[in-house]
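For reference, the structure discussed in these notes is given below.
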Amino acid sequence: MKGKVCLITGSSTGIGFETALALARKGATVLTVARNSEKVKQAVEDLIEESGNENIDGFDIDLSSQKYIRKRAGEIVKKYPVIDVLVNNAGTWYSRLTYTEDNIEMQFAVNHLAYFLFTQELLPSLVRSDDPRIINVASNSHFHGKMHFNDINLTKKYHGLRAYAQSKLANVLFTYEFERRKTISKLSVYCVQPGLVKTNIGLKHTVSFHGLAWKIRRLSGVTPAEGAETSIYLASSEEVRGISGKYWDKMKIKKSSKGSMMKEDAARLWLLSERLCDIDDYFEIIADETE
């Protein structure tokens, strides 16, 4: 991975940090992204110390804010004109219906729309790579998901689990539709199921009952390092080059849910995401690029 530039969102802790650490140990230039500036600073220091690689940079980005995503992505593209790997890993969980500044339900905004918009903003740097890879971290929770197109914010019947499952289904639908719509063939997109991982995602923005349930449930989970293995494999292995538009689990292609195979839903989600992110033509940003 020497000479490669890899950006991982949500990489100050958990699966994201372990992904960043492994890629740094392989010699990549690693860009770590998280919401809190102090955590970003600490992550950069820890990554340098633990990997022995000083080519680590950090960016604080509030992925719930489309304005902030655009601002910081513009700075990243300017500083790093070539990005080889983008790992959309950041995720969140909310027990109660919460809106972003863009008036979008928080889990749908952070877990899906941030993937959609951030990827689009970074396309100019990605297409300059010889082997650009986009890795979307989803979840087997998508098997329980359903797209509520008539009430995407789930205002009528909100539940954290329903919102989370919907956002994870959106990750898979986005991956498949990206593959169908992409205008440059060398862009590879992968979707990953990391497994049940011992992280703190279920302890933030939650009611006490849900927090207790997560503490019990995660006891049977794998470590963040184990949960990161497939993302690391897809980011670095020559074996998977060009094997685009698939769902992966334990470093193998896996069949995703029946709902994720609905091309009509994927196209509808794509158009909705463009509208919610105020994008007219997703790939217009790289229209002048050639293969």
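Nothing in this text is a laboratory measurement; each read-out follows from the coordinates by a stated rule. For clarity, every value in this text was computed on a predicted model and none was experimentally measured. So basically every Cβ, Gly included, is an ideal-geometry build from the backbone, and we count neighbours across all protein chains shown.
Condition first: touching a strand residue (DSSP E or B) at 6+ places or on another chain (Cβ under 7 Å) and either among the hydroxyl-bearing types (Ser, Thr, Tyr) or under 29 Å from Ser11 (Cα atoms) (or both). Can you find one or more residues in the range 272-281 that meet it? No, because not a single residue in the range 272-281 is touching a strand residue (DSSP E or B) at 6+ places or on another chain (Cβ under 7 Å) and either among the hydroxyl-bearing types (Ser, Thr, Tyr) or under 29 Å from Ser11 (Cα atoms) (or both). When Gly91, Gly160 are checked against the criterion of being touching a residue at least 60 places away in the same chain (Cβ under 8 Å) and out of contact with any strand residue (DSSP E or B) (no Cβ under 8 Å at 6 or more places or on another chain), a single residue qualifies: Gly160.
Among the residues of the range 68-83, those identified as out of contact with any Leu (no Cβ under 8 Å at 6 or more places or on another chain) and either crowded, with 24+ Cβ neighbours inside 10 Å or part of a helix (DSSP H, G or I) (or both) are Tyr68, Lys71, Arg72, Gly74, Glu75, Lys78, Lys79.
Tell me the residue from Gly10, Gly3 that is more than 18 Å from the chain's Cα centre (by Cα) and either within 21 Å of Gly227 (Cβ to Cβ) or not aliphatic (A, V, I, L, M) (or both), please.
Details: Gly10 fails: more than 18 Å from the chain's Cα centre (by Cα).
Answer to the selection: Gly3.
Scanning the range 273-291 for residues that are surrounded by 17 or more Cβ atoms within 10 Å (Cβ to Cβ) and either among the basic types (Lys, Arg) or farther than 27 Å from Ser129 by Cα (or both) turns up just one, Leu276.
Here's a check for you: in the range 115-164, which residue that is assigned to a loop (DSSP other than H, G, I, E, B) and of a type in the set (S, T, N, Q) is surrounded by the most Cβ atoms within 10 Å (Cβ to Cβ)?
Quick first cut of the range 115-164, residues assigned to a loop (DSSP other than H, G, I, E, B) only: 127-132, 138-139, 145-148, 152-159.
Next, only the ones that are of a type in the set (S, T, N, Q) stay: 129, 139, 153, 155.
Details: Ser129: 17, Ser139: 24, Asn153: 18, Thr155: 11.
By that ranking, first place goes to Ser139.
Considering each of Glu75, Glu49, Glu101 in turn, give the residue that is farther than 19 Å from Ala228 by Cβ and free of Cβ contacts under 8 Å to residues at least 24 places away in the same chain. When all the criteria are applied, what remains is Glu75.
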